[in-house]
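The values are calculated or read from the model by the stated rules, or taken from the named source; none is laboratory data. Computed from a predicted structure; not experimentally measured. A quick note on method: Cβ atoms are made from the backbone with ideal geometry, for glycine too, and the neighbour counts reach across all protein chains shown. SASA here: full protein model, heavy atoms, side chains in, ligands and nucleic acids out. Shrake-Rupley method; radii C 1.70, N 1.55, O 1.52, S 1.80 Å.
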Amino acid sequence: MKKPNLIVILIDDLRFDEFGAGGHPYMKTPHVDRIAHDGATFTRAFHPTPICSPNRASILTGQYASRHGIIDNVARDAASMRLPNYHLSLQRLGYETAHVGKWHMGNEASPRPGYDLWVSFKGHGRLFDPEFNENGTPVQHTGYVTDLLNERAVRFIEAKRARPFALFLAHKAVHPDAVQAADGTLDLTSGGGYMVPARHADLYKGAVFPKRPNMLPPEAVVKQKPVWAEAFRLKATERSQATLRAIGAGTQEEIRLRARMMASVDEGVGMILGTLEKKGELDDTCILFLGDNGYFFGEHALGPERRFAYEEGIRAPFILRYPRRAKASTTIKDLVLTIDIAPTMVALAGGKPPGSMQGRSLLPLLAGNRTGWRKSVLCEYFSENALPWLVGMSYKAVRTDRHKLIHWVNRGGGLLDELYDLERDPYELKNVIESRTYAGVRTKLRRELARLVAESVGL
């Protein structure tokens, strides 16, 4: 079988329902939706560490953060130069590789190993008039960053070549302008927040994202989630509120601005699909579209905290188009993780995923073979200082088909842990950690969590 081209399109901060086919009530993303309609939608895909740098490293290495060592958004430039990312394997398998867009494992923009073409920028970059590092040379550009990245990705795809290619397109959208210091501290107040090109300024004017049952005020949330009491007190301070005001956190306009930013992303997906069709390579190309972590629109009184283990934080939009392997309009409900991407790409390229990869190839699931597939997933977060009201909030969580246990590592000695029955309580409103009815489930999940944590560290 001919080796397929491989394209991964990664969107920053996009939650699982933030595109048309994902269930967004008014956003129109016809080109992204085509990937879902023509291929497979993974409805239970999760981020093992749902913040930017750790999850990007997990996507590229197929490893948990506990193993690859990028555990937060601190500028780990040197460490990111040494990641065993899957593009190194693809190069050995004869692929021409490209990274176009956000890297953000470290704030430094110089080329990382594994790429024949490198186009990136420092840290979070800028939404307008960005400077790109192109194969080691700084190049100043004029325009909107999403458009510029789309154009550069298409140019790479258009090039004549005798071998297959692998493109990793990592958009800055839908992240607002921000500055992240080397220690991981995030400044959202000095940029322009969410910004869109003039052509999309009036999109979705007046549109409303319906209130979900778990969009509650802090005083209601802490009754079931007492671990949040201190964070919510700190969040009420003027320093914290200034950060939230800078992006309009929790407002309908924030949701609309993100939807407008996605319009440029969708245009780029259309350009990519059109270019592949023109070259006659569309059905010989595997295209995977996903986000790097979730986001909250007020669920559980949260917003840019994005990194927490409730469904809106850990679920990923995850759709794959490759007619040779994925039947059109397929829905896959098995539990998958972003660490499964790297071994899947290597397997599609005809290679054997190296033993250092902890994820599993998705090819058996695409073929309908669920034998021996995982029954639980681990999600974890290592406390960091990006947002001033989050102090000591490290957790380890296990999610199964039906239940979720969140263990707060440094809080309450287990007394503040949370347990949810997702079948009866999909919005995670009732914490049943102390319920006698769930005593057996609690014991079983704690045992499973211990197993997964040990496995994540590995040897």
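Just a few scattered comments:
- Scanning the stretch 157-180 for residues that are open to solvent by 10 Å² or more (accessible area, probe 1.4 Å) and touching a residue at least 24 places away in the same chain (Cβ under 8 Å) gives E158, R161, R163, P164, V179, Q180.
- Residue list for the stretch 327-345, restricted to those being open to solvent by less than 10 Å² (accessible area, probe 1.4 Å) and among the acidic types (D, E): D340
For (1) out of contact with any Cys (no Cβ under 9 Å at 6 or more places or on another chain); (2) within 19 Å of F318 (Cα to Cα); (3) of a type in the set (F, W, Y), each residue gets a yes or a no:
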site: P50; (1), (2), (3): no, yes, no
site: S58; (1), (2), (3): yes, yes, no
site: Y64; (1), (2), (3): yes, yes, yes
site: A98; (1), (2), (3): yes, no, no
site: R112; (1), (2), (3): yes, no, no
site: W118; (1), (2), (3): yes, no, yes
site: V139; (1), (2), (3): yes, no, no
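- For N135, the conditions (1) farther than 30 Å from E384 by Cβ; (2) touching a residue at least 12 places away in the same chain (Cβ under 8 Å); (3) open to solvent by less than 50 Å² (accessible area, probe 1.4 Å) all hold with the exception of (3).
- Residue match in the stretch 447-457 (condition: among the polar types (S, T, N, Q), within 29 Å of Q358 (Cα to Cα), in contact with a strand residue (DSSP E or B) (Cβ under 8 Å, 6 or more places away or on another chain) and surrounded by 15 or more Cβ atoms within 10 Å (Cβ to Cβ)): yes
- Identity of the residue in the stretch 427-459, among the basic types (K, R) and more than 25 Å from the chain's Cα centre (by Cα), that ends up nearest to E312 (Cα to Cα): K430
- R324 being open to solvent by 10 Å² or more (accessible area, probe 1.4 Å) and in contact with a strand residue (DSSP E or B) (Cβ under 9 Å, 6 or more places away or on another chain): yes
Residue by residue, here is whether (1) of a type in the set (D, E); (2) in contact (Cβ under 8 Å) with a residue 60 or more places away in the chain; (3) over 23 Å from K223 (Cβ atoms); (4) out of contact with any Asp or Glu (no Cβ under 8 Å at 6 or more places or on another chain) holds:
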residue	(1), (2), (3), (4)
Y395	no, yes, no, no
R399	no, yes, no, yes
L405	no, no, no, no
N431	no, yes, no, no
K444	no, no, yes, yes
E448	yes, yes, yes, yes
V457	no, yes, yes, yes
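- Close pairs (6 angstrom Cβ cut-off, 6 or more residues apart or separate chains): within 15 Å of A173 (Cβ to Cβ) and touching a residue at least 24 places away in the same chain (Cβ under 8 Å) in the stretch 193-219, open to solvent by less than 20 Å² (accessible area, probe 1.4 Å) and part of a loop (DSSP other than H, G, I, E, B) anywhere: G193/P176; Y194/P176; M195/L127
- Subset of the stretch 359-382 [without any contact (Cβ under 8 Å) to a residue 60 or more places away in the chain, surrounded by fewer than 19 Cβ atoms within 10 Å (Cβ to Cβ) and either part of a loop (DSSP other than H, G, I, E, B) or of a type in the set (S, T, Y) (or both)]: A367, G368, N369, R370, T371, G372, W373, R374, K375
- Hits in the stretch 412-421 - residues which are closer than 14 Å to W228 by Cα, at pLDDT 95 or above and not in a loop (DSSP other than H, G, I, E, B): E418
- If you go through the stretch 138-156 and keep only what is hydrophobic (A, V, I, L, M, F, W, C), over 22 Å from the mean Cα position of the chain (by Cα) and open to solvent by less than 40 Å² (accessible area, probe 1.4 Å), you end up with V154, F156.
- Any hit, the stretch 422-436, residues being of a type in the set (A, V, I, L, M), assigned to a loop (DSSP other than H, G, I, E, B), farther than 23 Å from R374 by Cβ and open to solvent by less than 50 Å² (accessible area, probe 1.4 Å): yes
- Look at the stretch 58-83: where a residue is closer than 15 Å to F382 by Cα and hydroxyl-bearing (S, T, Y) and a partner is open to solvent by less than 40 Å² (accessible area, probe 1.4 Å) and not in a loop (DSSP other than H, G, I, E, B), sitting 6+ places away or on another chain with Cβ atoms under 6 Å, you get S58/T338; S58/I339; Y64/S456; S66/S456.
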